[in-house]
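K.L.:
This is the structure I want to talk about, given as structure tokens.
The values are calculated or read from the model by the stated rules, or taken from the named source; none is laboratory data. What you are looking at is a predicted structure, and each value in this text was computed from that prediction instead of being measured. Reconstructed Cβ throughout: ideal geometry from the backbone, glycine too, with neighbour counts over all protein chains shown.
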Amino acid sequence: MSADDLSEEEVISQFQNIVDINTAYLERKNQYKSEILSDEDQSELIRARLEEGIDRDKKHDNLLKQTISAFLPGGPIESKTGWTFLGAEPLSEKNLANADALFGNPERNLALLIECKTSDNRPTNSLEQVYDAAEQLMENKGYLSNKIGMEIDDIECAICIPSVADRRIINEIETHEREGRDRERIYVWRIHYYDGETLDLYTDIDTRTGSELTHNSELASVLKAGVELTYGRQVMPAFFPSSHPEVIMEEAMGLILEKRLIEDNSLRYFTGSELQRVLSSQKNLPHYDADDIGKRLYDDLVDRCERFNLIEEIPQSESKLEKGEDETYYKYCVRGKSVETILNNLRDRYIENAVKHRADIMAKRSVIDEFDKEQSSLDQF
């Protein structure tokens, strides 16, 4: 088995075990890392892939926000059908398979799982994701019912995609249903971007007829007619439990910086409790267990930002902020006199250090492969 097959956590653990056996491999790792970073083509490729990943995650988050916007209080779906948005990524707090969002109809004890895909290059994987999420939801429906304050007797499932990417997932659904591999009936929702933004239900599926084509509720007629998406009714979420760490950093730091600007306070400093409040607010993080998820995000973000030299813990006296009991104070390690400049500099330094981190992981993979090869040669000898 190659080191390429290992997760990042497994790579870090295995590399440490190797260094514990022979510390010379630490220098070998540093040599590999230096070679990667000094190769302009390779380091630029790492940077490009990181930026593509961030951009892809932002597009996914935006698609999810668009979908959620159709179900907000006062919107056409909620007012006409009683369906409402219940939260993002249900069961993520238990580290179980989950879809992107959960909607519900309390009058019918009916829940609806949604998985959003900006494109669908792996349609089989997408369907399996939804199947697994539905299975976990039903196995944990008692727990989830208590969390969301609504009994769940049954569920429906859907995948939401841009209309230009609908054909591949529809073909896959038809194949699964013909071959009897469908574990759940999955509906297809489409967002159209021409002449405004609308959400509708796709009903031209060859393997289905009659009532099989639409939801078993008032939702069917509203979605078939198409729902115009608007963002003015309510503030949308800032991020989700599995949003990219860089996206969470930008959104959370941006909210704190804007607050500082309004209060006419220094932009250079913030407190740990401020950041944790932002990350745990259900207004920013739409999850029924926002406190628990927010604490996880806080620990990860502070650790990552300190390792990437983006923030630094400082004494209260240096912060120019009011003293609080058991409070932690931080300053940004980037320059800037405006919100926009500080955020841009944070993003640039994040990517710069993320490139180094990725090169470090690649170097550790090379050491693991080298070590395994040497051990294999010794065994043969």
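K.L.:
Within the set of pairs 6+ apart or on separate chains, which have a first residue in region 289-305 that is without any contact (Cβ under 8 Å) to a residue 12 or more places away in the chain, a second that is surrounded by 19 or more Cβ atoms within 10 Å (Cβ to Cβ), and C-beta atoms under 7 Å apart?
P.N.:
Correct list of pairs: A290/S280; D291/S280.
K.L.:
Pick from M249, M253, M236: which is modelled with pLDDT under 90, among the hydrophobic types (A, V, I, L, M, F, W, C), within 30 Å of Y298 (Cβ to Cβ) and not assigned by TED's automatic domain parsing to the domain that holds N109? Steps first, please.
P.N.:
Numbers: M249 fails: modelled with pLDDT under 90; M253 fails: modelled with pLDDT under 90.
After applying the criteria, what remains is M236.
K.L.:
Out of (1) crowded, with 20+ Cβ neighbours inside 10 Å; (2) under 21 Å from the mean Cα position of the chain (by Cα); (3) not β-branched (V, I, T), what's the single condition that is false for F270?
P.N.:
(2)
K.L.:
If you check G142 against the conditions, is it part of a strand (DSSP E or B) and over 25 Å from D166 (Cβ atoms)?
P.N.:
Values: part of a strand (DSSP E or B): no; over 25 Å from D166 (Cβ atoms): yes.
Against the criterion (part of a strand (DSSP E or B) and over 25 Å from D166 (Cβ atoms)), G142 does not qualify.
K.L.:
Which of the residues belonging to region 275-289 are in a helix (DSSP H, G or I) and either out of contact with any strand residue (DSSP E or B) (no Cβ under 9 Å at 6 or more places or on another chain) or among the aromatic types (F, W, Y) (or both)?
P.N.:
Q276, R277, V278, L279, S280
K.L.:
Any idea which of (1) part of a loop (DSSP other than H, G, I, E, B); (2) on the phi < 0 side of the Ramachandran plot; (3) touching a helix residue (DSSP H, G or I) at 6+ places or on another chain (Cβ under 8 Å) is the one L321 doesn't satisfy?
P.N.:
Condition (3) is where L321 drops out.
Yes or no, residue by residue, for (1) closer than 30 Å to R277 by Cα; (2) not in a strand (DSSP E or B):
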{"residue": "I152", "(1), (2)": "no, yes"}
{"residue": "E172", "(1), (2)": "no, yes"}
{"residue": "R183", "(1), (2)": "no, yes"}
{"residue": "Y187", "(1), (2)": "no, no"}
{"residue": "D200", "(1), (2)": "no, no"}
{"residue": "T207", "(1), (2)": "no, yes"}
{"residue": "L223", "(1), (2)": "no, yes"}
{"residue": "F239", "(1), (2)": "yes, yes"}
{"residue": "S242", "(1), (2)": "yes, yes"}
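K.L.:
Which residues, taken from region 288-312, are over 16 Å from the mean Cα position of the chain (by Cα) and of a type in the set (A, V, I, L, M, F, W, C)?
P.N.:
Of everything in region 288-312, those that are over 16 Å from the mean Cα position of the chain (by Cα) and of a type in the set (A, V, I, L, M, F, W, C) turn out to be V302, C305, F308, L310, I311.
K.L.:
Restricting attention to region 25-46, does a residue exist that is over 14 Å from K356 (Cβ atoms) and of a type in the set (G, A, S)?
P.N.:
No: region 25-46 contains no residue that is over 14 Å from K356 (Cβ atoms) and of a type in the set (G, A, S).
K.L.:
Which is farther than 30 Å from Q282 by Cβ, assigned by TED's automatic domain parsing to the domain that holds F71 and small (G, A, S), of A165, A134, A158, A220?
P.N.:
Going through A165, A134, A158, A220 in turn, just one is farther than 30 Å from Q282 by Cβ, assigned by TED's automatic domain parsing to the domain that holds F71 and small (G, A, S): A165.
K.L.:
Still on this structure, I have one more. For residues that are surrounded by 20 or more Cβ atoms within 10 Å (Cβ to Cβ) and free of Cβ contacts under 8 Å to residues at least 24 places away in the same chain, tally how many sit in region 312-335.
P.N.:
Matching residues across region 312-335 total 0.
K.L.:
Here is a follow-up. So, in region 1-24, exactly how many residues are touching an Asp or Glu at 6+ places or on another chain (Cβ under 8 Å) and within 14 Å of H357 (Cα to Cα)?
P.N.:
0
K.L.:
Answer yes or no: is there a residue in region 90-107 that is charged (D, E, K, R) and under 30 Å from V355 (Cα atoms).
P.N.:
yes
K.L.:
When both residues are 6+ apart or on different chains and their Cβ atoms are under 8 Å apart, which pairs have a first residue that lies in region 72-94 and is buried (at least 20 other Cβ atoms within 10 Å of the Cβ), and a second that is part of a helix (DSSP H, G or I) and polar (S, T, N, Q)?
P.N.:
G75/S69; L91/Q136
K.L.:
Let me ask something additional. Out of all the residues in region 49-65, is one or more within 25 Å of A158 (Cα to Cα), touching a strand residue (DSSP E or B) at 6+ places or on another chain (Cβ under 7 Å), in the same structural domain as Y193 (by TED's automatic domain parsing) and touching a residue at least 60 places away in the same chain (Cβ under 8 Å)?
P.N.:
yes
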